[in-house]
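Report on the structure given below.
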Amino acid sequence: MGDADPLIPYEGGSSSVFGGDDAFQLMPTMESMDTWATHNGCNGAYQTSQHETNQGDGTATFYDYTDGCPEGIIMEHYTIHGGLHNAGGAQIDGSKIDLLDFVARVEAGGVSSPPPSPSPPSPSPPTGGCENDPTWSGKFNIAHTCDYVAANPDQRCSWENSDGVKASDACLAACDSSCGSPPATPSPVAPPVTSSPVASPVAPPPSPPTGGCENDPTWSGKMNEAHTCDYVAANPDRRCSWENSDGVKASDACPVACNTDCATARRIRK
């Protein structure tokens, strides 16, 4: 939590998320933690430790209530000093806060763990190829396959399956930057033309369609009887796709309005 969050104030009070309605008041963070401690059967006591972070003023305080809670209950939070509303994405001592690790510890029965250690160095490019493991999926959802990881590798390549295998090891095509696509093979260049091109003869004017160039005087749009072929001709780009009540399009019934060959032939005859 950022203690300089302008949207959800660390010290509580009103928030713009309520549209400026002061009838809605947020609890101060520490009071909220005390309320949850009581709800969870904890005694409210906590231990603190100081850490470095990449947000705010660079310092963070870790609050751990877990020792005063019943077995299986975890309560903890980080205060990012000077942090804003995006403090949930902060790094602590070089590692990003892992929300899924917290969920995993809760599901494992409340085993508390120390703050994260710095991330290990990036592994060397793989020697076993660049294929995703088709059997791998995240430990919280079997739909979180390598293809799912590939949609957001920066966030998801650190995920693990139920055996502790990380996506970064199982989903090489998604996570390993050295597994990019090979450069495309250039297409062969056509040989230059050695002779001068000969001018093509001018095409004759188009002939009118074999079905004639007469509008159907009985056709009208299905929405309005006044929408005849003459009406269509006033805006053919929009109206030639209209249909009558029998499904006949203006483009078929109104060739004078809609068929450019008819229009060209009429101009030539004139």
request  = Give the residue that is farthest from the chain's Cα centre (by Cα), with candidates limited to residues of segment 26-46 that are of a type in the set (Val, Ile, Thr) and either more than 16 Å from Asp5 (Cα to Cα) or in a loop (DSSP other than H, G, I, E, B) (or both).
outcome  = Thr38
query = Under 6 Å by Cβ, and 6 or more places apart or on different chains, what pairs join a residue from segment 129-149 that is more than 18 Å from Ser177 (Cβ to Cβ) with one that is charged (D, E, K, R) and open to solvent by less than 90 Å² (accessible area, probe 1.4 Å)?
reply = Lys139/Glu160
Any hit, segment 34-44, residues being within 30 Å of Ala167 (Cα to Cα) and either touching a residue at least 60 places away in the same chain (Cβ under 8 Å) or surrounded by 18 or more Cβ atoms within 10 Å (Cβ to Cβ) (or both) = no
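Yes or no: segment 178-197 includes at least one residue that is surrounded by 10 or more Cβ atoms within 10 Å (Cβ to Cβ) and at pLDDT 55 or above.
Scanning segment 178-197 turns up at least one residue that is surrounded by 10 or more Cβ atoms within 10 Å (Cβ to Cβ) and at pLDDT 55 or above.
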key: Criterion violated by Ser49 - all others in (1) outside any loop (DSSP other than H, G, I, E, B); (2) surrounded by 13 or more Cβ atoms within 10 Å (Cβ to Cβ); (3) touching an Asp or Glu at 6+ places or on another chain (Cβ under 9 Å) satisfied   = (2)
query = If a residue has to be part of a helix (DSSP H, G or I) and over 13 Å from the mean Cα position of the chain (by Cα) to count, how many in segment 144-153 make the cut?
reply = 2
inquiry  = Against the conditions (1) modelled with pLDDT under 90; (2) surrounded by fewer than 10 Cβ atoms within 10 Å (Cβ to Cβ), where does Asp246 fall short? Just the number, please.
reply    = (1)
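Can you say whether Val256 is β-branched (Val, Ile, Thr) and in contact (Cβ under 8 Å) with a residue 40 or more places away in the chain, as far as the supplied structure shows? Let's see the steps before the verdict.
On the way: β-branched (Val, Ile, Thr): yes; in contact (Cβ under 8 Å) with a residue 40 or more places away in the chain: yes.
Answer is yes for this residue.
Checking the structure you have, find out if any residue of segment 10-25 is of a type outside the set (S, T, N, Q), assigned to a loop (DSSP other than H, G, I, E, B), without any contact (Cβ under 8 Å) to a residue 12 or more places away in the chain and open to solvent by 90 Å² or more (accessible area, probe 1.4 Å). Don't jump to the end; show me each part of the working.
Step one: of segment 10-25, the residues of a type outside the set (S, T, N, Q) are 10-13, 17-24.
Filter again for assigned to a loop (DSSP other than H, G, I, E, B), leaving 10-12, 19-24.
Among the residues that remain, those that are also without any contact (Cβ under 8 Å) to a residue 12 or more places away in the chain are: 19-24.
When the remaining residues are screened for being open to solvent by 90 Å² or more (accessible area, probe 1.4 Å), the result is 22, 24.
Yes: one or more hits.
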message = Being at pLDDT 70 or above and closer than 19 Å to Leu99 by Cα: is that true of Asn132 here?
response = no
request  = Filter segment 60-71 down to residues that are in contact with a Gly (Cβ under 9 Å, 6 or more places away or on another chain) and either open to solvent by 60 Å² or more (accessible area, probe 1.4 Å) or closer than 23 Å to Thr38 by Cβ (or both), then give me how many there are.
outcome  = 6
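The values are calculated or read from the model by the stated rules, or taken from the named source; none is laboratory data. Bear in mind that the values here come from a model prediction, so they are computed numbers and not experimental data. Here the Cβ is made from the backbone with ideal geometry for all residues, glycine too, and neighbour counts use every protein chain on show. Areas reflect the complete protein model, heavy atoms only, side chains present, ligands, DNA and RNA absent. Shrake-Rupley method; radii C 1.70, N 1.55, O 1.52, S 1.80 Å.
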